[in-house]
Amino acid sequence: MIKLAHVNYPRETLKPLDDLETGFKYARSSLGLWGLNKNYHNGFYKVATTDFELIKQQGCQHSQFASHVESEYLFSTNPKLKEEYCRMGGRSLRYGKIIEELDAMAGDCSYKYLMKNDDPDTFDPEKRGYYLVTVSVDRVDFMSKLSAERDLKLSAYMLMAKGSTLMVKIDVLQKKGEAWEQVGDAIIVFVARDAKTGKAYKIPDMKPSTYDDILSTSKCIEIGLTIKDWSRDKSLRDMHSVLPDFEES
């Protein structure tokens, strides 16, 4: 895992998305998945995000704090949910299903980061001036198997945003007693495209809010830029892009 302290914002700054109308505003990608939508209705799956009213008051749009989205899977009290996510006859969760939902949550986090205001047009995909494309699931690290006996939390926030690139970090945590223990993380990269031209869409650079640690934000940006440079360098050396010459082969 990347050595960064898990972002943990005060509970009073978070807004639970308790009704579907609000849920679709801030977590459209996640709740657009049929399985999550069903479990949301059943009360097995909960979503929260940093309160946009507070974000507007503080003037901290386009910050890690503004981008934050988190969800909880209540496995410990819901056998049906556990059955759905559990390996056949086992006690560990299916990674493939979780990874699909990591990607959806990263999309929600990215759209939240880009929000300037909460006018109705902001939430209408047809009226946005941009759209997002998943470039890569850059890394997914789990320290061990994910237990189906413990509640699971996914906590997403912007790691780096620059040019047209958005890099989201999602911390994966499981309940241990009354506390949450980090058991893994993932980094998912998007690019923003202009809705009319399809070309790169310039996004606002990330800035710290009063709820973010400045040193931690700086470190996130530094790590994000390093990963971006490494990925670009790797793509230039990719055999699919450049055939090896005689000596290399």
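Given the structure, is residue 192 touching a Leu at 6+ places or on another chain (Cβ under 7 Å), small (Gly, Ala, Ser), closer than 21 Å to residue 36 by Cα and in contact (Cβ under 8 Å) with a residue 40 or more places away in the chain? Here the answer is no, as residue 192 does not meet what is asked. Checking 155, 71, 147, 136 one by one, the residue that is hydroxyl-bearing (Ser, Thr, Tyr) and over 29 Å from residue 10 (Cα atoms) is 136 and no other. For segment 71-106, the set of residues classified as in a loop (DSSP other than H, G, I, E, B) and under 23 Å from the mean Cα position of the chain (by Cα) consists of 74, 94, listed by residue number.
Is there any pair linking a residue in segment 24-53 that is in contact (Cβ under 8 Å) with a residue 12 or more places away in the chain and of a type in the set (Asp, Glu) to one that is surrounded by fewer than 21 Cβ atoms within 10 Å (Cβ to Cβ) and outside any loop (DSSP other than H, G, I, E, B), with Cβ under 7 Å and at least six apart or on different chains, and which? Taking only residues 6 or more apart or on different chains, the pairs are 51/13; 51/14; 51/15.
Scanning segment 188-200 for residues that are surrounded by fewer than 20 Cβ atoms within 10 Å (Cβ to Cβ) and touching a Phe, Trp or Tyr at 6+ places or on another chain (Cβ under 6 Å) yields 193, 194, 195. Residues considered: 93, 81, 132. Of these, the only one that is crowded, with 18+ Cβ neighbours inside 10 Å, in contact with a helix residue (DSSP H, G or I) (Cβ under 9 Å, 6 or more places away or on another chain), closer than 21 Å to residue 205 by Cα and not small (Gly, Ala, Ser) is 132.
Taken together, the residues in segment 49-59 that are in contact with a strand residue (DSSP E or B) (Cβ under 9 Å, 6 or more places away or on another chain), not in a helix (DSSP H, G or I) and not charged (D, E, K, R) amount to 2. Here residue 17 fulfils each of the conditions (1) more than 24 Å from residue 179 (Cβ to Cβ); (2) in contact with a Gly (Cβ under 7 Å, 6 or more places away or on another chain) apart from (1).
Quick note: the coordinates plus some simple rules give every number you see, no bench work behind them. What you see is a predicted model; the values in this text were computed from it and never measured. Neighbour counts are summed over all protein chains in view; Cβ atoms, including those assigned to glycine, are modelled from backbone coordinates with ideal geometry.
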